[in-house]
Amino acid sequence: MTFSKSYEPGEFESDIYAAWEASGIFDPKLTTRPVDSDGDGVDDRQGENDTFSIVMPPPNANGNLHIGHGLTVALEDSLTRYYRLRGLSSWYIPGADHAGFETWVVYERELEKKGHSRFEFDRDELYARVWDFVAEQRGNMELQLRALGASCSWEDLTFTLDENVIDRVYTTFEKMWNDGLIYRGEKLVNFCPKHQTAFADIEVEHEDESGTLWDIAYVYEGGEVIVSTTRPETLFGDVAVAVNPEDERYKKLVGKTVKLPLTDREIPIITDEHADPEYGTGAVKITPAHDFDDFEVGERHQLERIRVIAEDGTMINVPEAYFGLNTKECRKKVLKDLKDQGLLRGEKKITHSVAHCYKCGTVLEPTLKEQWFIDVERLAKAAIEHLENGEIKFHPENKRKVLINYLKGLKDWNISRQIPWGIAIPMFRKIDDTATDEPDWVFDRRTHLQVIEKAGVKYQRDEDTFDTWFSSAHWPIVCTNWTEENFNPYYPLNVMETGADILFAWVARMIMMGLYVTGEVPFKEVYLHGLVLDEHGKKMSKSKGNVINPMDLVTRFGSDAFRLGILRGRSAGMNQAFSENSVIAGRNLCNKLWNISRLIQSIIDTEEDIPSASDTLNMGEDWICRELNNCLEQVELAMSNYRFAEAIEVLYQTIWDKYADWFLESQKIYRNVPLLKQTLETILIALHPFAPFVTEAIWQNLSWTDGYIATADWPSRLEYDPISTEQFENIRIIVSEVRTTLQALPGTNNAKKYSLLYDNDSLINDNQLLIRSLTKVPTINSLNGAPRGLRLALANHELYLDVPENIVKEYKDNLTERILSVGRELDNLNLRMSNPNYLSKAPEHLVKETTEQIREKEALIARLKAELEII
RNA sequence: GGGUUGUUAGCUCAGCUGGCUAGAGCGUCUCGUUUACACCGAGAAGGUCGGGGGUUCGAGUCCCUCACAACCCACCA
């Protein structure tokens, strides 16, 4: 096979992925021995710790991947591939999320486009329609995951509405129901009037908005109380006026009643801490059915809850004149009427934060609703215990504390959603009023039925579906097929990788659910990535038009370049800007690697393969072995600490600056075919987790490699001679000095003009060819004891560039500058040594090091000065 | 109001337990087409590490404080 002049990712990527997939290497069930090979029901590998498992946070089945998914796949797949190379049975389980509400919004928009409305269909019909819609869309997302190189086991793809998921969710729900953790309660929930569904607290977006604070007089016999409100239209739902118990101004009034404006109703004046004497007039109206704080005040004082706004946003339970108005119209009319009656006493502009639907931006209406809730106290407590034990390691570490904090203040979890697209809540309400002994609600898995009969009593299914997070909380359990009966070597997961933004919504719930269902934490480590911001560090959003499409970058630069680019310079938990330049750097590295391989293959095609294993024959070979060993060690350390960017950085430097620029250049003089093969394999395998395609493309193109690099063995350490390695370091210093000096000399093309002179130096003498090749000087000659030209500033080597005297003179300024600079460094060192505390308190090896450095600098300055004098 | 994180070269970022003469990529400048690569090679310029104080023989790194930025939570009648 031949290597073309440059690496063109588009020519290889899809074929390579298809080959991997067909070979089954991503499915650990196919590539590893069975968990129980002797059939005794016990896992043979227990305790061997030779598995690696990770699940994909399921992308929404309804659309395309965004840049965050790109980052997720780059991180997760690098880990998976790395551990696969390290020999672990590695299982990367892909998924797709029905994404209840998200998908619902997309689908409803589709419906609207076609001139339909959700209300034309019943719930089961809608469910079927969305199912088809999602099935159609899902292929896109899966293709894109392949394009990103995700080495996941497609056989095991889990969809959040798969039967086993629903089964598991129902089992958990039943257990919770029996354990008394589930209750039906009437509570205030955040309700989106447009989408007609409730949200969990965590899904609500608060935004600061300007609003108006109105002062309204509530009259009593012989006086009035002024209350302040931003929502005058809710006054019909008022059941009290609250003042602070410490507020002297109102002490006399407590216990009196006032007349609710625009009505004939009398409401009491009560005391409650909630009333802040500093705010407004210090008196506040209490509307338990439409305000979260008031709801709590109402609970404390057993106040009635009067609903005055229906779910469709119109007024109910209000005087005739206001009935049926929407809230906006009603507010207008209330204000006008209050003004007419002289009860409106003032208004001022304020800024306050308002809850919005995170999808459509509609202002959420706090609404009284009967919903299913989970009593989270027990679950949260268990989670906190295990977190405090340090059973789960977090990256970044501080998120553990943040999570514990969150769990400590966690409120009961509303799991009912009023959208058809989701897992039906398996609860049925009694519709037979005569059966008074039977419970009002029963659990039953037959949610495909609208009505069921139990012991002659009829029950109707609750129409609501589960909050997506309730089922997602089971993700590690369902993806690994965990069961009560069998030991599962893939559970708990080795690591849960996901976005820091869903630490609370998802990670917290997986931990609670994992502990509740399996008794174990669901994963041993958590890696949280931050947001990928745009090139200027701003959040990406469609409205800003700064969204970067990962597929676009894959097309332009290749999948590997994208992966390398997005991982570069990124650390756990940080929101960081995306930099196309990093992708370009990644692309360049791929091309470099390609050409490295091209050179080596061409050498091998022409050179005889000396079959003496891979012994090192000259210094450059020893040196690269040491460098590769260092590289492997650093990559291994970085990976075990989830420092992806560092691993990539090390590989980049090693491959480019060391392997290509020094080792391969030296191999143009001395050729060691077995070592070339072995070292090339080493760098290819080490880079493979991050750049799977190019490394595989090369592997398949090389004449001597077998199988897939994706399942190769992680390279072992290479042997080298340390003395020879140090000599090569010497050569590198010499070569660099020659290059720098040549470029600093006046004129161009100096390398070709001046030859190198040495005196009595075996290192130079023995390596003339190599030095000539690296510096490009035409010849290297012995001085024979008669120095001339320009002496190079090198310790332990007497080397001259054969430069005419007039040129040397021009170089003088340069030399003076150099002496000054070294002098400054020397001053610093001397300063350090003149400090008696440094000598007594600093570690001995440092003092010794400093002493040596001083000696070297002094020698260098002496030499440079001597040189200057000669000139 | 509470919390978390960040502020290092023109840009995007490394710098983990204090030893740094502060690094990388991209960009800039100079030179270079020698049969792996111009998606290249060689070299260079560019930083009082946000400000101030402290601990230490020694601080980009630890502590305090201020400023700015981002995010999260709570409150907002």
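Quick notes on this structure:
- Hits in region A:271-320 (condition: over 19 Å from A:Ala240 (Cβ atoms), small (Gly, Ala, Ser) and touching an Asp or Glu at 6+ places or on another chain (Cβ under 8 Å)): A:Gly313
- Here region A:735-761 is the region considered, the condition is being among the hydroxyl-bearing types (Ser, Thr, Tyr) and over 22 Å from A:Gln667 (Cβ atoms), and the residue that is farthest from RNA strand B (Cβ to nearest atom) is A:Tyr758.
- Subset of region A:477-504 that is under 18 Å from the mean Cα position of the chain (by Cα) and open to solvent by 10 Å² or more (accessible area, probe 1.4 Å) - its residue that is nearest to A:Asp50 (Cα to Cα): A:Asn494
- Comparison of A:Pro689, A:Pro722 shows that the only residue that is in contact with a Lys or Arg (Cβ under 7 Å, 6 or more places away or on another chain) and either without any contact (Cβ under 8 Å) to a residue 60 or more places away in the chain or of a type outside the set (Val, Ile, Thr) (or both) is A:Pro689.
- Restricting attention to region A:726-736, the residues that are touching a residue at least 60 places away in the same chain (Cβ under 8 Å) and open to solvent by less than 30 Å² (accessible area, probe 1.4 Å) add up to 3.
The rows are residues; the columns are (1) modelled with pLDDT of 85 or more; (2) more than 28 Å from A:Leu868 (Cα to Cα); (3) within 52 Å of the chain's Cα centre (by Cα).
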position	(1), (2), (3)
A:Asp802	yes, no, no
A:Ile807	no, no, no
A:Lys812	no, no, no
A:Val822	no, no, yes
A:Leu829	yes, no, yes
A:Arg832	yes, yes, yes
A:Ala842	yes, yes, yes
A:His845	yes, yes, yes
A:Thr851	yes, no, yes
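- Cβ pairs under 7 Å, 6+ apart, first in region A:156-181 and closer than 23 Å to A:Asp132 by Cα and open to solvent by less than 30 Å² (accessible area, probe 1.4 Å), second in a strand (DSSP E or B) and β-branched (Val, Ile, Thr): A:Asp156/A:Ile93; A:Thr158/A:Ile93; A:Val165/A:Thr158
- Some residue of region A:703-725 being open to solvent by less than 30 Å² (accessible area, probe 1.4 Å), within 16 Å of RNA strand B (Cβ to nearest atom) and at pLDDT 95 or above: no
- Filtering region A:752-764 to residues that are open to solvent by 10 Å² or more (accessible area, probe 1.4 Å) and hydrophobic (A, V, I, L, M, F, W, C) leaves only A:Leu763.
- Whichever residue in region A:505-526 is within 16 Å of RNA strand B (Cβ to nearest atom) and not in a strand (DSSP E or B) and, among such residues, is surrounded by the fewest Cβ atoms within 10 Å (Cβ to Cβ): A:Ala505
- A:Ser821 vs. criteria small (Gly, Ala, Ser) and more than 19 Å from A:Ser666 (Cβ to Cβ): yes
- Test: residue in region A:175-182 that is at pLDDT below 95 and touching a Lys or Arg at 6+ places or on another chain (Cβ under 9 Å): no
- Lone unmet requirement of (1) within 16 Å of RNA strand B (Cβ to nearest atom); (2) surrounded by fewer than 20 Cβ atoms within 10 Å (Cβ to Cβ) for A:Asp312: (1)
- Selected residue (only one of A:Glu278, A:Glu273, A:Glu299 is near RNA strand B (Cβ under 9 Å from one of its atoms) and without any contact (Cβ under 8 Å) to a residue 40 or more places away in the chain): A:Glu278
- The set of residues in region A:340-357 being exposed (fewer than 14 other Cβ atoms within 10 Å of the Cβ) and charged (D, E, K, R) consists of A:Asp340, A:Lys348, A:Lys349.
- Search result, residues across region A:150-168 that are in contact with a His (Cβ under 6 Å, 6 or more places away or on another chain) and among the hydrophobic types (A, V, I, L, M, F, W, C): A:Leu161
- Boolean, A:Ile226 is modelled with pLDDT of 90 or more, closer than 18 Å to A:Val334 by Cα and within 9 Å of RNA strand B (Cβ to nearest atom): no
- Residue selected from region A:641-689 under the condition among the small types (Gly, Ala, Ser) and either under 16 Å from A:Leu85 (Cα atoms) or outside any helix (DSSP H, G or I) (or both), by the criterion nearest to RNA strand B (Cβ to nearest atom): A:Ala647
- Checking each residue in region A:550-578 for being of a type outside the set (A, V, I, L, M, F, W, C), in a loop (DSSP other than H, G, I, E, B) and either over 24 Å from A:His688 (Cα atoms) or in contact with a Gly (Cβ under 6 Å, 6 or more places away or on another chain) (or both) picks out A:Gly573, A:Asn575.
- Filter result (of a type in the set (Ser, Thr, Tyr), within 16 Å of RNA strand B (Cβ to nearest atom) and loosely packed, with under 15 Cβ neighbours inside 10 Å) within region A:765-811: A:Thr779
- Residues of region A:828-857 satisfying the condition of being open to solvent by 90 Å² or more (accessible area, probe 1.4 Å) and touching a residue at least 24 places away in the same chain (Cβ under 8 Å): A:Glu856
- Within region A:579-589, restricting attention to residues that are near RNA strand B (Cβ under 6 Å from one of its atoms) and part of a helix (DSSP H, G or I), the residue that is farthest from A:Gly70 (Cα to Cα) is A:Asn588.
- Screening A:Glu825 against (1) part of a helix (DSSP H, G or I); (2) touching a Lys or Arg at 6+ places or on another chain (Cβ under 7 Å); (3) under 28 Å from A:Ser762 (Cβ atoms); (4) without any contact (Cβ under 8 Å) to a residue 60 or more places away in the chain leaves a single unmet condition, (3).
The values are calculated or read from the model by the stated rules, or taken from the named source; none is laboratory data. These numbers were taken from a predicted model, which means no experiment stands behind them. Cβ: placed from backbone, ideal geometry, glycine included. Neighbour counts: every protein chain shown. We work out accessible area using only protein heavy atoms, side chains counted, and drop any ligands, DNA or RNA first. Shrake-Rupley method; radii C 1.70, N 1.55, O 1.52, S 1.80 Å.
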